[in-house]
Amino acid sequence: LPGHAKRVVLSRGEVVVFVPYAPRTPYELIIQPTHTRYLWDLGSAQSVDLVYALLLALKLLDRTLGDETVYTLTFHNSPKEAEDFHAHVELIPVITDRRRVRFSRGLERSSGSYLLDTLPEDKAHELRTNLEELVRINLS
């Protein structure tokens with residue numbers, strides 16, 4: 001993601017995991033294979049990279065938010081006429097601990113406009129730090 005490196009959490013082969021520019025929750029992640037409009041067009045290497053990145057993202061969010069976090073997982077393919085759309089997976093934690101993050105309120109739910117009191121770059125940094133710890137623990 002040129003110009004957006006501060007929001008990238010991890011990459012694996014041709015798959016990148018990042019916090020979106022305008023996330024709906026502080027730890028929302030996008031898992032995106034590069035240059036792919038349809039997930040069913042992925043080759044075997046890209047499919048393995050996608051699954052690996054998704055599993056690592058889930059482990060990372062469990063480490064960051066707790067093992068009992070519930071997620072919304074959504075797969076997106078390109079609409080027929082969209083030339084510049086990239087297939088991707090959205091991983092959105094459903095956060096229920098009021099001490100960790102701000103809950104969505106009536107304004108967010110009724111308008112579809114989400115207000116966050118954190119920067120996506122800060123959450124990406126936190127996740128990268130936790131990723132380093134997770135990898136260090138699994139390697140030792």
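Data table
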quantity	calculated
Selected residue (only one of 81, 126, 132 is modelled with pLDDT of 75 or more, of a type outside the set (Lys, Arg) and within 24 Å of residue 41 (Cα to Cα))	81
Qualifying residue in region 93-109 (condition: at pLDDT 90 or above and under 16 Å from residue 19 (Cα atoms))	no
Enumeration of residues in region 37-69 that are without any contact (Cβ under 8 Å) to a residue 40 or more places away in the chain, hydroxyl-bearing (Ser, Thr, Tyr) and out of contact with any strand residue (DSSP E or B) (no Cβ under 7 Å at 6 or more places or on another chain)	44, 47
Hits in region 64-92 - residues which are over 14 Å from the mean Cα position of the chain (by Cα) and closer than 20 Å to residue 34 by Cα	77, 78, 79, 80, 81, 82, 83, 84, 85, 86
Close pairs (7 angstrom Cβ cut-off, 6 or more residues apart or separate chains): over 18 Å from residue 52 (Cα atoms) and of a type outside the set (S, T, N, Q) in region 20-34, assigned to a strand (DSSP E or B) and open to solvent by less than 10 Å² (accessible area, probe 1.4 Å) anywhere	27/93
Residue match in region 26-36 (condition: crowded, with 17+ Cβ neighbours inside 10 Å, acidic (Asp, Glu), modelled with pLDDT of 90 or more and not in a loop (DSSP other than H, G, I, E, B))	no
Every residue from region 1-25 that is part of a loop (DSSP other than H, G, I, E, B) and open to solvent by 50 Å² or more (accessible area, probe 1.4 Å)	1, 2, 3, 4, 13, 14, 21, 22, 24
Single match in 24, 7 (criterion: within 18 Å of residue 130 (Cα to Cα), touching a Leu at 6+ places or on another chain (Cβ under 9 Å) and not hydrophobic (A, V, I, L, M, F, W, C))	7
Count of residues meeting criterion [surrounded by fewer than 16 Cβ atoms within 10 Å (Cβ to Cβ) and assigned to a loop (DSSP other than H, G, I, E, B)] in region 38-85	12
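The values are calculated or read from the model by the stated rules, or taken from the named source; none is laboratory data. Everything numeric here is computed off the predicted structure, so don't read it as measured data. Neighbour counts are summed over all protein chains in view; Cβ atoms, including those assigned to glycine, are modelled from backbone coordinates with ideal geometry. Areas reflect the complete protein model, heavy atoms only, side chains present, ligands, DNA and RNA absent. Shrake-Rupley method; radii C 1.70, N 1.55, O 1.52, S 1.80 Å.
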